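Chemist: Pasting in a structure now, in structure tokens, and then I'll have a few things to ask.
The values are calculated or read from the model by the stated rules, or taken from the named source; none is laboratory data. These numbers come from a predicted model, not from an experiment. Please note: Cβ atoms are built from the backbone with ideal geometry, for glycine as well, and neighbour counts cover all protein chains shown.
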Amino acid sequence: MRLTHQQFRQLASKHGLAVTHQRQVVFEAVIASDGHHSPEAIYATVRRKIPSISLATVYNNLRLFIDCGLLREVTPHASTLRVDGNLEPHHHLVCSRCKSVQDITGDFVDFQRLARQVPGGFDLTQPLIEVFGLCARCNAKT
């Protein structure tokens, strides 16, 4: 997905963010490709358009986008930060060996029923299931 400058300006404004060229390029690098990318991979993509950008700037903008709800942080079990531009409800398959993450959709859990079972005061704001196993590549190596 490629956002026009005006679409990004509206989206950033809606979330109280200043609109900068760097932010737009970082955000588009995430949402333009499927997957769950590390800041280093996003940095490599962004550097093709903005050679002077720093890895710290990419990290800072990704954190800002996550905090604002424009992106989602993927599994805390990965060895590094991973971001997901897919904000539609979905779950993840996580490889226990290589830490790759794949999307999977479906209604696996009755979240209303689950909400009734959690301890008092706990709010299920972002129900997400992570299923661990071996991806096809790692499974073929065993």
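Chemist: Looking only at the stretch 1-44, filter to residues that are buried (at least 16 other Cβ atoms within 10 Å of the Cβ) and small (Gly, Ala, Ser); which one of those is farthest from Cys98 (Cα to Cα)?
Modeler: Step by step, filter the stretch 1-44, then rank; the result is Ala12.
Chemist: Return only the number of the condition from (1) surrounded by fewer than 17 Cβ atoms within 10 Å (Cβ to Cβ); (2) at pLDDT 90 or above; (3) of a type in the set (Ser, Thr, Tyr) that Thr105 does not satisfy.
Modeler: Result: Thr105 fails condition (2) only.
Chemist: Here is a further query. Looking only at the stretch 83-96, filter to residues that are modelled with pLDDT under 85 and under 16 Å from Phe27 (Cα atoms); which one of those is surrounded by the most Cβ atoms within 10 Å (Cβ to Cβ)?
Modeler: Once the filter is applied, the top-ranked residue is Gly85.
Chemist: Given the structure, is Ser13 in a loop (DSSP other than H, G, I, E, B), polar (S, T, N, Q) and farther than 20 Å from Leu128 by Cα?
Modeler: Considered against the rule, which asks whether it is in a loop (DSSP other than H, G, I, E, B), polar (S, T, N, Q) and farther than 20 Å from Leu128 by Cα, Ser13 comes out as no.
Chemist: What number goes with the only condition from (1) under 25 Å from Val26 (Cα atoms); (2) of a type outside the set (Asp, Glu); (3) not assigned by TED's automatic domain parsing to the domain that holds Leu17 that Ser54 does not pass?
Modeler: (3)
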